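The values are calculated or read from the model by the stated rules, or taken from the named source; none is laboratory data. This structure is a prediction, so every number in the text was calculated from the model and none was measured. Because the Cβ atoms are built from the backbone with ideal geometry, glycine has one as well, and the counts that use them run over all protein chains shown. Just the protein is used for accessible areas: all its heavy atoms, side chains included, with ligands, DNA and RNA removed. Shrake-Rupley method; radii C 1.70, N 1.55, O 1.52, S 1.80 Å.
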Amino acid sequence: MNNDLYAVVGNPISHSKSPRIHSLFASQTGEQLEYTAIQAPLDDFEGTVRDFFRRGGMGLNVTVPFKELAWRLADWRTERAELAGAANTLYQDSKGLLTADNTDGKGLVTDLTANHGISLKGKRILVLGAGGAVRGVLGPLLGEHPAAVVIANRTVAKAEALVALFRPVAGKTGLEACGFGQPAEPFDLVINGTSASLQGDLPPVSANVIGAGTVVYDMMYSLQTTTFNQWASNHGATRVFDGLGMLVEQAAESFRIWRGIRPQTQPVIDELRND
Ligand code: ATR
């Protein structure tokens, strides 16, 4: 019998760690599955998805630049995907309807709380950036009931739009938008969700946002310390994390959705860190 088929779709895709992560999950849990990487043409993501499921595929992860398209293509979306405006996980339900989920926010929160032991309840969080990556994680972050989430972005109007979108689910959490120049006091947690480091840039935020107890989290991941985390360490941050744990945790949540089993993530994080 053939193994159940899964894949990650993106463009480009050759750099993706998802096939490695999911095959480590499969051997750890004894699940019989095959997980490949598919490069979809930029103008035919839909055809790629339809073809995959027509061939009997069981589930897809979706990455750059197709997450918003995946969201639009789905017949229905989970609540967290609905709010995220983007999907990283697709599967067919029992009626064959294309279902979209988004596990990125859950991945971030699990990495912070379970792997790094950081409770977010009652904390003051500064989020840098207001693009798709930030929108994808705000719902689960707010679900942890922080005292405040301040979204700072180069284009302030985009931060304001996110505040308007998420205010209905913010509960008692104070939600504010501003430019990078405004925050000037230490936060409990500073999350870099900008793509600035892809251009070797730093979001121009004051180093005063980092105090003795500030935790710094860069949603980016690279083999070397990220530019943002280097900057934070230089300004006194002692607990500084990159997005590798988030990457593995979002994959584990997709695996759980598809297979009904949650793999252990720490051995996989350790293995990837040593690659
Ligand atoms: P992603 O899916 O990675 O979030 P995106 O939706 O294009 O990609 O959003 C990129 C984010 O990084 C935005 O917040 C962007 O700021 P703007 O909204 O002002 O464009 C931010 N960003 C990208 N390059 C940046 C830079 N060099 N300095 C500061 N912020 C930057």
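Below is a table of values for the structure above.
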quantity: Test result for residue 162, open to solvent by less than 40 Å² (accessible area, probe 1.4 Å) and either closer than 19 Å to residue 250 by Cα or away from the ligand (no atom under 16 Å from the Cβ) (or both); calculated: no
quantity: Residue ranges of helices (runs of 4 or more DSSP H) in the stretch 104-180 with at least 3 members over 19 Å from residue 89 (Cβ atoms); calculated: 156-166
quantity: Residue selected from the stretch 103-129 under the condition touching a Leu at 6+ places or on another chain (Cβ under 8 Å) and open to solvent by 50 Å² or more (accessible area, probe 1.4 Å), by the criterion farthest from the ligand (Cβ to nearest atom); calculated: 123
quantity: Any hit, the stretch 168-178, residues being open to solvent by 10 Å² or more (accessible area, probe 1.4 Å), within 16 Å of the ligand (Cβ to nearest atom) and small (Gly, Ala, Ser); calculated: yes
quantity: Selection within the stretch 45-101 - among the small types (Gly, Ala, Ser) and more than 22 Å from residue 136 (Cβ to Cβ); calculated: 47, 56, 57, 94, 96
quantity: Hey, residue 213 under 18 Å from residue 242 (Cα atoms), of a type in the set (Gly, Ala, Ser), open to solvent by 30 Å² or more (accessible area, probe 1.4 Å) and more than 13 Å from the ligand (Cβ to nearest atom) or not; calculated: yes
quantity: Matching helices (runs of 4 or more DSSP H) fully within the stretch 2-89 where at least 2 residues are open to solvent by less than 30 Å² (accessible area, probe 1.4 Å) and in contact with a Leu (Cβ under 9 Å, 6 or more places away or on another chain); calculated: 18-29, 45-54, 67-73
quantity: Subset tally (residues that are away from the ligand (no atom under 12 Å from the Cβ) and over 18 Å from the mean Cα position of the chain (by Cα)) for the stretch 130-155; calculated: 5
quantity: Residue 216 being under 22 Å from residue 79 (Cα atoms), of a type in the set (A, V, I, L, M), modelled with pLDDT of 95 or more and not in a loop (DSSP other than H, G, I, E, B); calculated: no
